[in-house]
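What follows is one structure encoded as structure tokens, with my remarks underneath.
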Amino acid sequence: MRQLLSSIPLFARRCLVFIALFTPFAYILAQVVALQMGDYEILGPEPGKAIVWFTGEWAFNALLLTLAIGPARQWLNWKWPLAHRRMLGLFVMFYATLHLLSYMAFLLAWQWQDIGSELVERPYLTLGFLAWVLLIPLSITSTKGWQRRLKRKWKSMHKLIYLIAILCVVHYLLQIRSNWFEPSLYALITLVLLSQRFSLAFCYTHFVRCFHT
């Protein structure tokens, strides 16, 4: 499997990754078009809420795929996903922005004066908005040019992805009043991916300290 995937030309793999991650957007866009054409049941009784949930889930899915690149290299010795990390990260921002815009359009009806009260009354909105704000510098500095400019600071900055993941988990969990299975599953997967990352970092730091002492 590893040899098969790594044998696919880089450009072809990039096209496949792009198509796979763009397909959910094309799907929900087709649903919205069908809704506008008169199929009022296609997104259920609350189509606006359905769109918000859909875009939020795919932002989280793209985030988990991004976080999984490190463990895939460590556990499976898959190095080929590294070439697609930037695209995955940009899709996180893409779906997170759609999620935010969907909320503003369908649930808040562009009532800008209500944003402050919404953030205060619903802490999960504050956490979600903070996660989106933190994605902005990561998206802007995702190019190789910014890597060269920032040097070591680039890696430090992009460790914000771990904080973003935690914010997203809490953002999701705080909204749930029933049916905890799916948000709990997302939280568990995030925990496994982050624990693998931090356990490796802890072991490495401990080894270096022992070596120097």
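Read-outs throughout are calculated quantities, based only on the coordinates presented, and are distinct from any laboratory measurement. Everything numeric here is computed off the predicted structure, so don't read it as measured data. Here the Cβ is made from the backbone with ideal geometry for all residues, glycine too, and neighbour counts use every protein chain on show.
Some values worked out for this structure:
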quantity	calculated
Rounded, prolate or oblate (a/c below 1.5 giving rounded, otherwise prolate when a/b exceeds b/c) for region 13-63 by Cα gyration tensor	oblate
Nearest-ten-degree value, helix 123-140 long axis tilted from longest Cα axis of the chain	50
For Gly56, net neighbour charge (Lys/Arg +1, Asp/Glu -1) across residues whose Cβ lies under 15 Å away	-1
0 to 90° range, to nearest 10: angle between helix 181-212 axis and the chain longest Cα axis	20
Among Ser156, Ser184, Ser139, residue whose mean-square fluctuation peaks in a GNM of the chain (springs only between Cα atoms under 10 Å)	Ser156
Cα shape, region 81-158, gyration tensor, a/c 1.5 rule	prolate
3J(HN,Hα) from dihedral phi, region 85-91, Karplus parametrisation 6.51/-1.76/1.60, rounded to Hz, x for glycine, proline	4, 5, 4, 4, x, 5, 6
Using a Förster distance of 30 Å, the FRET efficiency for Thr143-Ile19 (Cβ separation, nearest 0.05)	0.85
Highest-fluctuation residue, Leu108, Leu125, Leu76 considered, GNM on the chain with Cα pairs under 10 Å	Leu76
Residue-by-residue Karplus 3J(HN,Hα) for region 145-159, coefficients 6.51, -1.76, 1.60, Hz, glycine and proline x	x, 5, 4, 5, 5, 7, 6, 5, 5, 4, 5, 4, 4, 7, 6
Under 5 Å, built H, 5+ apart or other chain: amide partners of Trp78	Arg73
Identified option (computed Rg and Dmax of the Cα atoms in Å; candidates (1) 18.8, 57; (2) 19.4, 72; (3) 18.6, 67)	(2)
With Cα atoms, 0 to 90° folded angle of helix 47-67 axis to the chain main axis	0
Where labels lie 7 Å past Cα in the beta-carbon direction, separation of Gln196 and Ala30 in nm	3.2
Using a Förster distance of 22 Å, the FRET efficiency for Lys155-Ile8 (Cβ separation, nearest 0.05)	0.20
Theoretical FRET efficiency, 1/(1+(r/R0)^6), r = Cβ-Cβ of Glu46 and Leu163, R0 35 Å, to 0.05	0.65
Among Tyr40, Phe18, Tyr103 the positive-end extreme of the charge dipole of the chain (Cβ point charges)	Phe18
Relative contact order (percent, whole number), the chain, Cα cutoff 8 Å, 6+ residue spacing	19
Selected from Phe11, Phe106, Phe22 as most flexible by GNM, with the chain as the system and alpha-carbon contacts under 10 Å	Phe11
